[in-house]
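Everything on this sheet refers to the single structure shown next.
The values are calculated or read from the model by the stated rules, or taken from the named source; none is laboratory data. All figures in this text were calculated on a predicted structure; none of them were measured in a lab. Cβ coordinates were reconstructed from backbone atoms using ideal geometry, including for glycine residues, and neighbour counts include every protein chain displayed. For the accessible areas, the whole protein counts, side chains as well, though only heavy atoms, and no ligand, DNA or RNA atoms are used. Shrake-Rupley method; radii C 1.70, N 1.55, O 1.52, S 1.80 Å.
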Amino acid sequence: MAQTDNKKFFENLSGAGKAIAVLTSGGDAQGMNAAVRAVVRMGIYVGAKVYFVHEGYQGMVDGGDNIKEAKWESVSSMLQMGGTVIGSARCNDFRMHEGRLKAAHNLVQRGITNLCVIGGDGSLTGANLFRKEWSGLLAELVQQGLIDEEASQKYSALHIVGMVGSIDNDFCGTDMTIGTDSALHRIIEVVDAIMTTAQSYFGLDWLKNMIGMVFALNGEMMLPTVKQDAVFYLSVCASDWVLIPEMPPEDGWEEKMCQKLSAKRAGMKRLNIIIVAEGAIDHNNQPITSEHVKNLVVQRLGFDTRVTILGHVQRGGTPSAFDRILASRMGVEAVLALLETTANTPACVVSLCGNQSVQLPLMECVQMVRLGQMSFENNLKTYKLLAHRKPESELPNSNFNVAVLNVGAPAAGMNAAVRSAVRVGISEGHKMFAVSDGFEGFYKGQIKEIKWADVGGWTGQGGSLLGTKRTLPAKHIDKIAEQMRKYNINALLVIGGFEAFLGIMELLAARGTFEELCVPMVMVPATVSNNVPGSDLSIGADTALNAITFTCDRIKQSASGTKHRVFIIETMGGYCGYLASVGGLAAGADAAYIFEEPFDIRELQSNVEHLTETIHPCFYVNENSNENYTTDFIYQLYSEEGKGVFDCRKNVLGHMQQGGAPSPFDRNFGTKIAAKAMQWISKKLNESYRKGRVFANTEDSACLLGMRQRAMVFQPVVQLRDETDFVHRIPKEQWWLKLRPLMKILAKYKTSYDISDSGQLEHVVLNHPKESEAMAAI
């Protein structure tokens with residue numbers, strides 16, 4: 001959007017004269033503070049007054065010091081904090097009419113007619129009821145002489161915008177609620193730690209997953225709520241059994257479970273994991289507790305068994321990069337939505353679909369919650385497919401051979417994608433082959449069949465267990481064709497970064513010479529740089545963002561108690577500024593210097609002048625942002641200009657961004673996208689099988705599978721040529737560039753803001769896809 005359009009936008013949606021109150025209600029969730037910070041700063045940025053409501057609805061009812069005006073500095077240093085610093089409470093008073101009358105009076109006294117509520121469906125439903133009663137409440141206040149008629153007319157409409165903060169991810173209309181990703185981080189961290197110690201012994205380890213709105217001391221409060229976290233974990237790990245309220249086991253489940261555990265033990269598996277979600281029940285509606293099942297295993301099998309109850313650990317800790325970014329985006333969107341509301345606008349929630357912001361009618365979402373969530377069903381189907389191998393007699397016999405390989409730099413989540421591809425391929429009757437060391441290993445013949453059990457435990461492993469190299473195939477096409485003929489490879493799944501994209505294009509170009517290459521090929525993007533055309537996200541980028549964000553938190557913390565200090569942090573990414581920009585948004589950076597947005601000495605000088613307004617600011621520099629204004633140059637410039645005012649420190653994060661165990665998001669994303677890619681391969685193999693052989697040479701037989709806004713899309717690689725800057729190895733258009741103004745706004749810079757992608761009010765649509773489609777949907 002042009003600068004003039006932007007100025008017009010802020011004139012039309014000016015917050016001058018408006019008052020916005022922000023509160024957190026119900027159970028706390030990591031990322032709530034990031035949402036509060038974004039609401040406060042965006043509200044002040046557009047000229048509105050913003051108020052904190054402490055202790056949720058209870059603070060609104062009690063009034064007094066519980067409702068305070070927020071300043072810009074009020075939300076400094078809260079981005080990385082877990083929980084909610086403005087407090088949250090269950091409020092019985094607000095459930096009563098008298099309580100809501102007091103709340104209305106407290107708001108009118110301060111001229112507040114815009115509410116931003118961060119909480120679960122109960123909190124948001126309460127806000128909608130409050131809005132519906134508003135005119136009647138004002139009339140009562142006038143009748144009681146607490147406000148005059150003029151105030152009643154002036155504040156006649158109450159506007160509500162909600163953001164869903166809940167670790168349960170049980171709200172319809174959004175892919176992820178604020179806090180879910182962080183809770184999954186806690187679960188994954190604990191389970192990964194348990195696995196390392198449990199594998200040392202020949203016992204059985206139990207994981208009791210306790211998620212819910214109300215907690216008993218022993219963690220056994222039975223509530224039939226959606227256990228998204230448990231099922232999510234199941235879909236990306238090698239759990240042996242699952243017990244959740246949404247899927248009560250059939251009669252005789254005890255015997256079936258014990259048989260499976262015995263079979264695993266006979267196969268010399270040293271560790272079994274069983275997930276018991278809070279509220280699990282059997283077919284007769286009888287509760288199933290972790291202790292009950294532990295005793296069952298001990299009595300029937302004699303296995304040494306342990307129970308681990310995660311409890312409130314899932315709510316605690318610093319929010320993940322995903323939750324910080326989600327909450328920051330939603331907070332800004334909430335303010336924009338409030339500025340656009342009219343007296344007839346229904347209460348709405350701002351949410352995320354794919355990577356796009358949307359606004360949905362609040363009550364439509366609440367009503368849909370009880371009908372279930374497609375993402376829940378998809379995770380469950382994915383788990384069933386990947387965790388339980390069908391007997392050989394039930395597998396289709398496709399007689400197709402499919403090879404999978406990793407190409408380019410390693411990225412966390414690659415192994416999860418390989419595991420998923422191998423197991424889905426075997427489930428569909430294919431013989432799966434693993435190629436070591438990318439295209440280099442391909443032409444050298446480093447190819448072997450890979451079985452179901454070979455990929456057990458791969459999901460949580462970082463790097464690439466297959467091995468990966470940047471070698472391109474062009475110089476060795478003849479040898480690769482020879483290996484494909486030798487092993488009768490009928491399809492290729494390539495998991496990797498920009499080199500994988502180039503490699504697929506080179507193989508495609510050689511089809512006219514080598515018929516062996518006339519087979520279905522699909523690429524799944526996996527690179528920390530997130531620079532592959534045709535996909536908004538890549539496997540590995542989320543793990544890298546978390547590494548950057550948590551490192552920046554520690555770097556900032558190191559400056560506590562010192563004089564004013566500035567940090568210059570260099571990130572990876574080649575010429576792609578994704579890590580610097582989105583990592584900067586997650587960590588609360590003041591600026592991020594990237595290649596895609598040229599900068600000069602005047603901008604650097606302006607940033608130096610801005611430093612006096614920020615405590616321990618961070619500046620991110622993409623490694624190839626500028627040929628002359630390098631990280632060293634910027635560091636030296638800031639050090640010189642800051643003498644006597646601040647000192648400067650430089651940190652080059654380097655390859656730590658590629659290492660570590662994959663994040664929950666990357667495990668899930670890698671699992672699902674690879675499963676969908678294998679389904680596409682199966683379809684293409686059947687379509688291209690003629691006269692006893694596979695022959696596929698059309699453009700759509702060599703595709704890249706990527707996320708585009710709200711959907712997973714297969715795109716012929718030849719059609720992506722025009723979208724690609726091959727010199728700098730980046731897409732010509734990158735969606736995340738529109739997020740960069742948010743970072744500047746939240747850091748108190750005056751900037752233009754393109755609202756073309758801001759969420760528009762839509763209606764909730766609950767789809768029920770076919771099982772084959774739902775299994776791999778995201």
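One residue is enough: does segment 745-755 have a residue meeting the conditions in a loop (DSSP other than H, G, I, E, B), modelled with pLDDT of 75 or more and assigned by the TED database to the domain that holds Ser529? Before the answer, list the steps.
Step one: of segment 745-755, the residues in a loop (DSSP other than H, G, I, E, B) are 747-755.
Imposing the further condition that a residue be modelled with pLDDT of 75 or more reduces the set to 747-751.
Filter once more, so that each one left must be assigned by the TED database to the domain that holds Ser529: none.
So far as segment 745-755 goes, no, none of its residues is in a loop (DSSP other than H, G, I, E, B), modelled with pLDDT of 75 or more and assigned by the TED database to the domain that holds Ser529.
Return yes or no: is Gly497 touching an Asp or Glu at 6+ places or on another chain (Cβ under 9 Å) and open to solvent by less than 10 Å² (accessible area, probe 1.4 Å)? I'd like the intermediate steps shown before the answer.
Numbers: touching an Asp or Glu at 6+ places or on another chain (Cβ under 9 Å): no; open to solvent by less than 10 Å² (accessible area, probe 1.4 Å): yes.
Criteria not met by Gly497.
Please go through segment 323-347 and give me each residue that is farther than 24 Å from Gly83 by Cα and either within 22 Å of the chain's Cα centre (by Cα) or not in a helix (DSSP H, G or I) (or both), ordered by number. Working first, answer last.
Just the residues of segment 323-347 that are farther than 24 Å from Gly83 by Cα, to begin with: 336-347.
Result: Thr341, Thr342, Ala343, Asn344, Thr345, Pro346, Ala347.
Does Asn295 satisfy the condition of being open to solvent by 40 Å² or more (accessible area, probe 1.4 Å) and assigned to a helix (DSSP H, G or I)? Steps first, answer last, please.
Values: open to solvent by 40 Å² or more (accessible area, probe 1.4 Å): yes; assigned to a helix (DSSP H, G or I): yes.
Answer is yes for this residue.
So which of Gly111, Gly56, Gly162, Gly64 ends up being out of contact with any helix residue (DSSP H, G or I) (no Cβ under 7 Å at 6 or more places or on another chain), within 23 Å of Ser328 (Cα to Cα) and of a type in the set (Gly, Ala, Ser)? Can you show your working first?
Numbers: Gly111 fails: within 23 Å of Ser328 (Cα to Cα); Gly162 fails: out of contact with any helix residue (DSSP H, G or I) (no Cβ under 7 Å at 6 or more places or on another chain); Gly64 fails: within 23 Å of Ser328 (Cα to Cα).
The unique qualifying residue is Gly56.
Please work out which one of (1) open to solvent by 10 Å² or more (accessible area, probe 1.4 Å); (2) on the phi > 0 side of the Ramachandran plot is the condition His97 fails and give its number.
(2)
Is it true that some residue in segment 480-492 is of a type in the set (Asp, Glu) and more than 25 Å from Ala409 (Cβ to Cβ)?
Within segment 480-492, the first condition is being of a type in the set (Asp, Glu), and the residues that meet it are 482.
In the following step, the residues that additionally are more than 25 Å from Ala409 (Cβ to Cβ) were identified as 482.
Yes, because at least one residue in segment 480-492 is of a type in the set (Asp, Glu) and more than 25 Å from Ala409 (Cβ to Cβ).
With respect to Ala580, is the statement that it is small (Gly, Ala, Ser), out of contact with any helix residue (DSSP H, G or I) (no Cβ under 6 Å at 6 or more places or on another chain), modelled with pLDDT of 95 or more and in the same structural domain as Lys650 (by the TED database) true? Give the steps one after another, and end with the answer.
Numbers: small (Gly, Ala, Ser): yes; out of contact with any helix residue (DSSP H, G or I) (no Cβ under 6 Å at 6 or more places or on another chain): yes; modelled with pLDDT of 95 or more: yes; in the same structural domain as Lys650 (by the TED database): yes.
When the stated conditions are applied, Ala580 passes them.
Looking at segment 406-421, can you tell me whether even one residue there is over 30 Å from Glu499 (Cβ atoms), of a type in the set (A, V, I, L, M) and in the same structural domain as Tyr487 (by the TED database)? Give the derivation first.
Just the residues of segment 406-421 that are over 30 Å from Glu499 (Cβ atoms), to begin with: none.
No.
Output the residues belonging to segment 442-480 that are of a type in the set (Gly, Ala, Ser) and either modelled with pLDDT under 95 or surrounded by fewer than 22 Cβ atoms within 10 Å (Cβ to Cβ) (or both).
Pass one, segment 442-480, residues of a type in the set (Gly, Ala, Ser): 445, 453, 456-457, 460, 462-464, 467, 474.
Gly445, Ala453, Gly456, Gly457, Gly460, Gly462, Gly463, Gly467, Ala474 - these are the residues of segment 442-480 that are of a type in the set (Gly, Ala, Ser) and either modelled with pLDDT under 95 or surrounded by fewer than 22 Cβ atoms within 10 Å (Cβ to Cβ) (or both).
Quick one: which residue in Val50, Val85, Val75 is surrounded by fewer than 24 Cβ atoms within 10 Å (Cβ to Cβ), free of Cβ contacts under 8 Å to residues at least 60 places away in the same chain and of a type outside the set (S, T, N, Q)? Explain how you work it out, then say what you get.
Numbers: Val50 fails: surrounded by fewer than 24 Cβ atoms within 10 Å (Cβ to Cβ); Val75 fails: surrounded by fewer than 24 Cβ atoms within 10 Å (Cβ to Cβ).
After applying the criteria, what remains is Val85.
Testing Cys703 on (1) surrounded by 21 or more Cβ atoms within 10 Å (Cβ to Cβ); (2) free of Cβ contacts under 8 Å to residues at least 60 places away in the same chain, one condition comes back false. Which one is that?
So the condition that Cys703 fails would be (2).
Hey, could you check segment 393-421 for residues that are open to solvent by 10 Å² or more (accessible area, probe 1.4 Å) and in a loop (DSSP other than H, G, I, E, B) and say which is nearest to Ile681 (Cα to Cα)?
In the first step, residues of segment 393-421 are kept if they are open to solvent by 10 Å² or more (accessible area, probe 1.4 Å); the result is 393-401, 409-410.
Among the residues that remain, those that are also in a loop (DSSP other than H, G, I, E, B) are: 395-400, 409-410.
Numbers: Leu395: 17, Pro396: 15, Asn397: 15, Ser398: 12, Asn399: 13, Phe400: 10, Ala409: 24, Pro410: 24 Å.
Among them, the one singled out is Phe400.
Condition check ((1) modelled with pLDDT under 95; (2) in the same structural domain as Asp666 (by the TED database); (3) touching a His at 6+ places or on another chain (Cβ under 7 Å)) across all residues:
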site: Leu137; (1), (2), (3): no, no, no
site: Leu141; (1), (2), (3): no, no, yes
site: Met163; (1), (2), (3): yes, no, no
site: Asn169; (1), (2), (3): yes, no, no
site: Val190; (1), (2), (3): yes, no, no
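State all residues of segment 598-656 that are open to solvent by 60 Å² or more (accessible area, probe 1.4 Å), of a type in the set (Ser, Thr, Tyr) and in contact with a Lys or Arg (Cβ under 9 Å, 6 or more places away or on another chain); if no residue qualifies, say none.
Matches in segment 598-656: Tyr635 only.
Here is a check on your reading of the model: is Met60 within 28 Å of the chain's Cα centre (by Cα) and either in a helix (DSSP H, G or I) or in the same structural domain as Gly331 (by the TED database) (or both)? Steps first, please.
Values: within 28 Å of the chain's Cα centre (by Cα): no; either in a helix (DSSP H, G or I) or in the same structural domain as Gly331 (by the TED database) (or both): yes.
Against the criterion (within 28 Å of the chain's Cα centre (by Cα) and either in a helix (DSSP H, G or I) or in the same structural domain as Gly331 (by the TED database) (or both)), Met60 does not qualify.
Name the pairs: first residue in segment 33-47 and open to solvent by 10 Å² or more (accessible area, probe 1.4 Å), second residue of a type outside the set (Lys, Arg) and part of a helix (DSSP H, G or I), Cβ to Cβ under 6 Å, at least 6 apart or on different chains?
Arg37/Val75; Arg41/Leu746; Ile44/Trp72; Tyr45/Ile745
Considering each residue of segment 509-527, count those that are open to solvent by less than 30 Å² (accessible area, probe 1.4 Å) and either more than 17 Å from Lys475 (Cα to Cα) or not basic (Lys, Arg) (or both), and give that number. Full working, then the answer.
In the first step, residues of segment 509-527 are kept if they are open to solvent by less than 30 Å² (accessible area, probe 1.4 Å); the result is 510-511, 517-527.
When the remaining residues are screened for being either more than 17 Å from Lys475 (Cα to Cα) or not basic (Lys, Arg) (or both), the result is 510, 517-527.
Residues meeting the conditions: 12.
Tell me whether segment 280-289 contains one or more residues that are surrounded by 14 or more Cβ atoms within 10 Å (Cβ to Cβ) and either part of a strand (DSSP E or B) or not assigned by the TED database to the domain that holds Glu250 (or both). Please lay out each step first, then the result.
Step one: of segment 280-289, the residues surrounded by 14 or more Cβ atoms within 10 Å (Cβ to Cβ) are 280-282, 288-289.
Checking which are either part of a strand (DSSP E or B) or not assigned by the TED database to the domain that holds Glu250 (or both) leaves us with 281.
The answer is yes; a qualifying residue exists.
Within segment 761-778, does at least one residue satisfy the condition of being touching a Leu at 6+ places or on another chain (Cβ under 6 Å) and either at pLDDT 95 or above or closer than 26 Å to Ser625 by Cα (or both)?
no
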